[in-house]
2 protein chains.
Amino acid sequence: MANITKKVSWSSRTDESGATGEGTPLLNGSEQPQYSRQLPGGGSLFHIGRLSTVDLEEEMTSDEDSLRGRPKEIPHNEKLLSLKYESLDYDNSENQLFLEEERRMSFIGFRCLEISRWVVCGLIGFLTGLIACFIDIAVEELAGVKYQVVKQNIEKFTEVGGLSISLILWAVLNSAFVMVGAILVAFFEPIAAGSGIPQIKCYLNGVKVPRVVRLKTLLVKVFGVICSVAGGLAVGKEGPMIHSGAVVAAGVSQGRSTSLKRDFKIFEYFRRDTEKRDFVSAGAAAGVSAAFGAPVGGVLFSLEEGASFWNQMLTWRIFFASMISTFTLNFFLSIYHEKPGDLSSPGLINFGRFESDSVAYNLYEIPIFIVMGAIGGLLGALFNVLNYWLTIFRIRYVHRPCLQVMEAMLVAAVTATVSFAMIYFSNDCQPLGPDHSEEYPLQLFCADGEYNSMATAFFNTPERSVRSLFHNQPGTYNPLTLGMFTLTYFFLACWTYGLTVSAGVFIPSLLIGAAWGRLFGILLAAISPSDSIWADPGKYALIGAASQLGGIVRMTLSLTVIMVEATGNVTYGLPIMLVLMTAKIVGDYFVEGIYDLHIKLQSVPFLHWEAPATSHWLTAREVMSSPVTCFNRLEKVGTIVDVLSNTSTNHNGFPVVVHMTGSDEPAKLCGLILRSQLIVLLKHKVFVELARSRLTHRKLQLKDFRDAYPRFPPIQSIHVSQDERECMMDLTEFMNPTPYTVPQETSLPRVFKLFRALGLRHLVVVDDENRVVGLVTRKDLARYTLGKHGLEELQLAQT
Amino acid sequence: MANITKKVSWSSRTDESGATGEGTPLLNGSEQPQYSRQLPGGGSLFHIGRLSTVDLEEEMTSDEDSLRGRPKEIPHNEKLLSLKYESLDYDNSENQLFLEEERRMSFIGFRCLEISRWVVCGLIGFLTGLIACFIDIAVEELAGVKYQVVKQNIEKFTEVGGLSISLILWAVLNSAFVMVGAILVAFFEPIAAGSGIPQIKCYLNGVKVPRVVRLKTLLVKVFGVICSVAGGLAVGKEGPMIHSGAVVAAGVSQGRSTSLKRDFKIFEYFRRDTEKRDFVSAGAAAGVSAAFGAPVGGVLFSLEEGASFWNQMLTWRIFFASMISTFTLNFFLSIYHEKPGDLSSPGLINFGRFESDSVAYNLYEIPIFIVMGAIGGLLGALFNVLNYWLTIFRIRYVHRPCLQVMEAMLVAAVTATVSFAMIYFSNDCQPLGPDHSEEYPLQLFCADGEYNSMATAFFNTPERSVRSLFHNQPGTYNPLTLGMFTLTYFFLACWTYGLTVSAGVFIPSLLIGAAWGRLFGILLAAISPSDSIWADPGKYALIGAASQLGGIVRMTLSLTVIMVEATGNVTYGLPIMLVLMTAKIVGDYFVEGIYDLHIKLQSVPFLHWEAPATSHWLTAREVMSSPVTCFNRLEKVGTIVDVLSNTSTNHNGFPVVVHMTGSDEPAKLCGLILRSQLIVLLKHKVFVELARSRLTHRKLQLKDFRDAYPRFPPIQSIHVSQDERECMMDLTEFMNPTPYTVPQETSLPRVFKLFRALGLRHLVVVDDENRVVGLVTRKDLARYTLGKHGLEELQLAQT
C-alpha cells in the first residue's frame, strides 16, 4: 500500500453555478511526502486555505472578495467565525459494532432503554427543581439578612443625620457579595458568566461549547447567581436556571461524573452526542419550567432553540421533565413557606394571579398594546445596541480576571449609590397597607404608617418588585417615581448584563417594562375621560413587561407561552402575542436580540433555521472545504498518527476511500471515520498484525468508545512505537459505512437543510462518480449570512 | 440514441445484511423491447413485483414469507398498505427554472413573500373563526327550535299519557336531521365523513389523501356537522373544525379555487406542495384553536402531527393564525350573544372557569388521578376495540351509500329512543336553580320547580352537558343517573363514530369521561371521612374527561395543553399530564388510538416518528423498489409517453441517468424528474426539434408548472402525434439535478430518518459508482411495522 493519504483537491471558487457537470475535477492522488515536495513551504497555506485565516494578510491578498471587512482592527468582530468550536454529532455512526449491538438487543432491551430515558428525565426534573429551590431559599435568606442590617442602620442614622454611613455600609455589603460571585466566575469558570442562555442555545443548536455542561460550571453558576442577586445587582436568577438544568441533564444522563471521577455504570447507552443532546433539551426545559413555572413554555423553549427534528416521544419526555421540575420546586417551597401541599408557587418568579374578570381588555385597547409593543421594540433595540458597544469595550479592555472582578464590584457600588440617591431624593410616601403586604417597607423620611415607595422598588428582590408593579392598587406609585426608576434601572441593567457574574436579564427586562408600562397606564388613565376603569395600571405593566422583554430577547412562541403560564391566565394570550410580535418586528429592524448578539460576538458558528434566502446560486462546490484528508480502508498506523497530530488542520472527520486495483482510477468514498474513533482504536492498538497474535483477546466493543466519551484523550497522550507505526489498521469495521453525501452541484439551501435537519457534523461532497471532492462542516454553512447589502461571508478565525 | 429506457434490476431479497459490498449488482442495461422479449408474458409480474399485489395468487405462490396473512379473506385488513395514496413532495425541485426565478428575485421580493405568508395566515385564521362561528350559531338555533317543539309536545302528552307519540316525534326529527347530513356525506363527498382528524393527520404526515382539501369537502363537512349535532347524535362539532381549517388554508393559500374555476392571480408562489402543506398546518391549528379556544394547543397539535422539521418562523405564523381564529370566533360570538367585546368564549367548547382556589388538588390525590388515568386507558381501549370491529363490519357489509344513510338514521332513532327511555324511567328530579342556569330544563314527571336531570344530560348539547358535569354543585346528579348515562352513552358514542356523517369524537369522549369521573368523585366522597371537601366531583369530572379522551385518541402534549387552555387554569397541568400519560400507556398496551386504527384500516402509508426499533439489519437494498424506470437526459417523446401511460406501474418519479460515450458503462444518476413535470412539458411540447422553429416563443417558466398545480392533467388527455413521438425532449433544464441519494447499504432507520426529516417523496438508492439501483418511496418505508412478534411487513394492495 503505497498510497496512504489521499488529498483530493478541487479548484474551489467558481462563482458561476450554471456550469453543471462541466470541467473535470483536479484530482490529486499522490501520496503525502510527494505532495509536500510539490509545494515546499506553501503547504500550510494550502492546508489552511479556506479553513482558517490565521494568516490574514495572505488571505486578504489572495482573495478579491471586498465584503470581508478589516478584521485586523477589531479582534472580536461579529464578522468573524471562530474555529475553536466543534460540532456535536447528532448522526449515529452506524458501523458494524453498532449494528451488532442493535442486533443483540431484544425488543425487551429497547423497552428498558425507553423506560430508563423516562427515569433520567424524571431525575433531571427533580434535581433541577431542587436546585431552583436551593437558589430561591438562599437568596431569600441572604436578602432578608441584608435588609435587616441596612434597615437598622438607616433607621439609626435617619434621626441623627449620618445617612452617608448607611450608604457606605450598603455599598460595601453589595460589593462584597458581588465580589465573591465575580471571583468565582472570573477565576474558576468564566463560562458560567451571564445567563448561560446563549451558551445553551449554542449547545442545542449543535455547537460543542467547551466546559459548558460540567459540574464545576454548575457549582459556580449556582453560587454565583446567589451572590449577584443578593448583591443587589439589576439581575435575575431565572436565566441561570436554564443553564443549571442543562448541566444537570448532561450529568445525570451519563451516569457518571468525570470531574468527580465516579462512574455509576448506569445509562451507558446514553453516552453519545445524540442522546446527550436530547437530555440537555429536557434539562433546559426543566430549567425554564422551574424558573417561570411554565412547563409548556419550557418545552417550547427547548424546541424553539434546539430540536431540529421534532419527535413525539422526545417532546413528551421533555414535558415530563418540565412538569416534575416545577412540581418539585413548588412542593419544597411550600414546605419552606410552612404551607406544605399548597402548590401556589410553581416558579422562581410568580406574576401573581390576574383575575380575568377584573382586568379583561377591550377591543379598542389592542392598538394601544401594539403601540406599547413598538415602544418595547425600540427600547429593547437601544438596550441591545448599548450593551453591544459595552461588550466590545469589555472584550478589548476588560479581559483580565481581576479587572472583571473590579468592574463587577464597581457596578454593585454604583447600583447601591444610585438607588440610595433616588430613595433619598424621592418623597413618594405611601401609606402602609393594613395587611402589611409589603415585605420590606422602609420608612425613611416618611410619616409614621407610611413607607417610601421608591425604596420598595429598589430594596425588594426584583421578582417582588415586578409583582407589585403588576398588582398594587392604582395610585401606589406616582408617575415621577416610575419614570425615574425606569430611566435608572434601564442603564443599570444594560451596564450589568455582560459583567463577569452569573445572572440573567429576564427579570431586569420585565422590571423596566413593568415600570414604564405602569407609567403608560397611569398617563392613559389621566388623559382619558373620567370613567377610566379600563386603564388598569397593572394590566399595562404586564403588557409593558412583555414588550420590553420581547424587545430585548426576541423570543417568540415560547416567550408568549411563558408569559401566559406565569400570569396563570390565558385571557392575555392574544395581547401578549401581538405585543411580542410588534416588539420583535420593530427591534429586528435595528439590531438582533441580545442573545444572538452575544453569540455573534463570540463568533460561534450558529446555524439559523434556514440558509439565507438569496443563496440559491451558491453550490456545495463553493461552500465546502477542500482538500479533504482521506484514509484508506486499510491504513498505515503511522499515517493516521501523523494526520491526527497535525495541529494546523485539526480535522475531526475523515472520509474513508477505496481504490480500484487498477489504482489509476481515483478513490471512491466508502465510509467516514471520526478522530475520536481513531483515537480509541489507537489506544487499544487494534492493528491488523496484532490481531493474529491475540486471538484470545476480546473484540473491541461499542462500550470502549462510550467509556472514552466525551473527553477523548488527545493524540499526544497515546504512545505509538516505531514498530507499531508500520502496522496497518483496518477501519472497515469501525467507520460509518453510509455517511450522508451530496453532489457538488447541490445548492447551499439544500445542503443546509440536510445538514440542519439531521444535525450532522460532517457532510461529504462527492462528484458524479462518488469520489470525495470536499467536506461540508458547520463553519462552512454558518459563514453565509444575510447582511444589509445581501449575502455576506464571514471570515474564519482561529480565536 | 438507442438505449431509451433503462431498467435497472437488482436481486432484491438478501436477508443477511452483514454482506457489505460483496456480490456484484445484476445490472440490466438492455433496452425496453429486448427486455420484453426476454420475459414474454411474465413481464407484468416482474414489473409489479414488489410494488403491488393485484395478483395475489401469483404473489402468494412466489413468496415464501409466512407473516403476510391471508389478505383475500378480509379485503380491508390493517396488514395491507394501499397503493392508491400518493405522497406530498416537501422537497423543492431545484431545477434551472427555479434557480433562475430565485436569482431574479430581489431581497425585497423575499420580504414581500414573507409578508404575504403572514397575510395568508391571518386570512386562514379569520375564515376558520367565521366558520366555527357559523357552525356554532346554526347548531344553537336548530337545537333551540327542536327543544321547543319537543318540549311542547312532551308537556302536552305528559298529562294525557301518550308519551310514545312524543318519542316518535323526537326520533323522526332527529332521524330527519341526520338523514340530511348522511345523504350529503354519503352521496356527495364521502371523504367528509367522521371528524376528518385522521385525514388531516395523514395529509400533514405527507400523504396526499384524494379530495381532502377541496371546497366541496368543506361545504359538506360544515352542513353535515350541523345536521348531525342537531340530530342529537353522540357527536361533537370540534373535530370537523380541524378539517375545515385545513381546507380553508389549502384554498386561501392557493389564491384560486379549481372547483369554482376562479383564479385570483395572487399567491402564485405558494402553488406547490411545500408551501401548501405549511399553510395546511396553520389551518389545522386554527381549527383546533377555534374548537377549544386553545391557540397554543393548536400549534402543538399541528407540530405533533405534521411538522417533520421545526421552523421558528413557520411556528410563529401558525400561532398567529390560531390566535386570529380564536379571536374572530370570540368576537363574533360575543356579538351574537349580545355582549359585544366580552371575550369570554374563545372556543366552540368552553369548560367554564375552574377557580383554582376552590378546587386545588392535594398531593395525596395524585395516586387517585393515576388510577383514573388507568381506568380511562382501559375504557378507551375497549372503545377502540369495539369501534374497530364495527368498522371492519361496516367496510364489509355497509359500503353502499343508501345503506350508510339508513344506518345513520337508525342510530339517530335508537339514540332518541334510548335517551327517551332513560329519561322516562329515571326519577332523578332536581330543583330548578333560582337563576335558571339550566337552559333546557324539562319538567316531565317531576314536581313543579324541579327538572329531570337525566333529561338535561341527554337534551342539552353535549358541550353544555360537559360543562354542567364539571361545574354543577355537588349533589346535582345522583350516582345511578351518572352510571346509567355513562354506560348508555359509551355504547352510543362507540356505535356513532365511523358512521357516514360528519362529526367528531372529542366531545362524546369528554362527556363519557366527565360522567364516570363525576361518579368516581361522588363515590370517593362517600367512602372518605366526613370532611370530604377535597373530593369535589367537578374536579374528578375534569380528570375523568381527560383520561377518557386520552384513552381514546392517545394524543399527548397537544392534548394536555388543549385541556389546560380549555379550563383556563394552569394549576391542573400536572394532574392532566399524568392522567393522559397513564391513559396512553395503559391503552397502548391493548390497542392503538382510534385515529391510528382508522388510518391503518384505510391502509394509508403513514410514516411514524421513527423506523421500528429492531430494523437496523434491514438495508436500503432490501427496502427499495426495483427495477426503476429511468430516463435519459435527452429522451425520445414516444418513450416518455409510453412510460407515463403504463397504468400497471404508474410511477411518479423517474431518475434521469447519463451514459458514458463508451456506452458499455452503466448509467449514472444525474437528476430526478416527476410525472407532473413531464406532463407539463408534453403539454407545452417542449421538444428539441421544435425549439429551433419557435425561437420567438417564450421560454417555459415555473409559472406554467404552478398553473397546472395541483390537478395535473392525466397523460391520456395529452395528444402526441406520431411525428412528435419521434422528437426528443431535453430534461436537463427541468429535472432536479441534485436529488437526495443513499447508498444501498444504508440501514432502514437511516433511510427513514432522511426521508421523514426532509419530507421526501422519492429517494434514489445508488451503488458506490453512483448508478441507480432502486427507488425508495413512502410505501417502502411504511411497510415495516413493529408487531407483537417483532418486525412485520405489510402487504401492498391496489385497493
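Structure above, values below:
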quantity	calculated
Number of positions in the range B:589-633 that are touching a strand residue (DSSP E or B) at 6+ places or on another chain (Cβ under 8 Å), more than 14 Å from chain A (Cβ to nearest Cβ) and of a type in the set (A, V, I, L, M)	2
Single match in A:His659, A:His651 (criterion: within 14 Å of chain B (Cβ to nearest Cβ) and either at pLDDT below 85 or open to solvent by 20 Å² or more (accessible area, probe 1.4 Å) (or both))	A:His659
Members of the range A:164-195 that are surrounded by fewer than 20 Cβ atoms within 10 Å (Cβ to Cβ) and of a type in the set (S, T, N, Q)	A:Ser164
Hey, A:Leu775 at pLDDT 90 or above and either within 28 Å of the chain's Cα centre (by Cα) or more than 13 Å from chain B (Cβ to nearest Cβ) (or both) or not	yes
Total residues in the range B:741-751, condition in contact with a helix residue (DSSP H, G or I) (Cβ under 8 Å, 6 or more places away or on another chain) and either under 11 Å from B:Leu669 (Cα atoms) or more than 10 Å from every other protein chain (Cβ to nearest Cβ) (or both)	1
Candidates A:Pro508, A:Pro537, A:Pro474, filtered to the one that is touching a helix residue (DSSP H, G or I) at 6+ places or on another chain (Cβ under 8 Å) and surrounded by fewer than 19 Cβ atoms within 10 Å (Cβ to Cβ)	A:Pro474
Qualifying position, being open to solvent by 10 Å² or more (accessible area, probe 1.4 Å), modelled with pLDDT of 90 or more and within 13 Å of another protein chain (Cβ to nearest Cβ), among B:Ile324, B:Ile375	B:Ile324
Unique residue being at pLDDT 90 or above and not basic (Lys, Arg) when the list is A:Ile423, A:Ile392	A:Ile392
Number of the exception - B:Gly521 against (1) open to solvent by less than 20 Å² (accessible area, probe 1.4 Å); (2) at pLDDT 90 or above; (3) over 18 Å from B:Ile423 (Cα atoms)	(2)
Count of residues meeting criterion [open to solvent by 20 Å² or more (accessible area, probe 1.4 Å) and touching a residue at least 24 places away in the same chain (Cβ under 8 Å)] in the range A:115-128	6
Subset of the range A:399-414 (residues that are under 18 Å from A:Gln602 (Cβ atoms) and crowded, with 17+ Cβ neighbours inside 10 Å)	A:Gln404
In the range B:634-648, residue nearest to A:Glu102 (Cα to Cα) [restricted to those that are surrounded by 17 or more Cβ atoms within 10 Å (Cβ to Cβ) and out of contact with any Phe, Trp or Tyr (no Cβ under 8 Å at 6 or more places or on another chain)]	B:Leu644
Output for the range B:139-154, where each listed residue is open to solvent by 90 Å² or more (accessible area, probe 1.4 Å) and acidic (Asp, Glu)	B:Glu141
Restricting the range B:545-574 to residues that are open to solvent by less than 10 Å² (accessible area, probe 1.4 Å) and of a type in the set (S, T, N, Q), the residue that is nearest to B:Ile366 (Cα to Cα)	B:Ser547
Filtered residues of the range B:282-312 (kept if closer than 20 Å to B:Ala250 by Cβ and open to solvent by 10 Å² or more (accessible area, probe 1.4 Å))	B:Glu305, B:Ala307, B:Phe309, B:Asn311
Close pairs (6 angstrom Cβ cut-off, 6 or more residues apart or separate chains): polar (S, T, N, Q) in the range A:462-476, assigned to a helix (DSSP H, G or I) anywhere	A:Ser465/A:Ala457; A:Ser465/A:Leu511
Count - residues of the range A:359-368 that are within 13 Å of chain B (Cβ to nearest Cβ) and either modelled with pLDDT of 80 or more or exposed (fewer than 15 other Cβ atoms within 10 Å of the Cβ) (or both)	5
Pair list, Cβ under 6 Å, 6 or more apart: the range B:87-111 residue within 10 Å of chain A (Cβ to nearest Cβ), other residue open to solvent by 30 Å² or more (accessible area, probe 1.4 Å)	B:Gln96/B:Glu733; B:Arg103/A:Trp617; B:Phe110/A:Ala613
From A:Leu601, A:Leu542, A:Leu597, residue being surrounded by fewer than 24 Cβ atoms within 10 Å (Cβ to Cβ) and at pLDDT 90 or above	A:Leu597
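Conditions (1) open to solvent by 30 Å² or more (accessible area, probe 1.4 Å); (2) within 25 Å of the chain's Cα centre (by Cα); (3) of a type outside the set (Ser, Thr, Tyr); (4) within 12 Å of another protein chain (Cβ to nearest Cβ), marked per residue:
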| residue | (1), (2), (3), (4) |
| --- | --- |
| B:Gln722 | yes, no, yes, no |
| B:Asp730 | yes, no, yes, no |
| B:Asp767 | no, no, yes, yes |
| B:Glu793 | no, yes, yes, no |
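The values are calculated or read from the model by the stated rules, or taken from the named source; none is laboratory data. All of these numbers come straight from a predicted model, not from anything done at the bench. All Cβ positions, glycine included, derive from the backbone under ideal geometry; neighbour counts span all protein chains shown. To get the accessible areas, we keep the full protein, side chains included, count just its heavy atoms, and leave off ligands, DNA and RNA. Shrake-Rupley method; radii C 1.70, N 1.55, O 1.52, S 1.80 Å.
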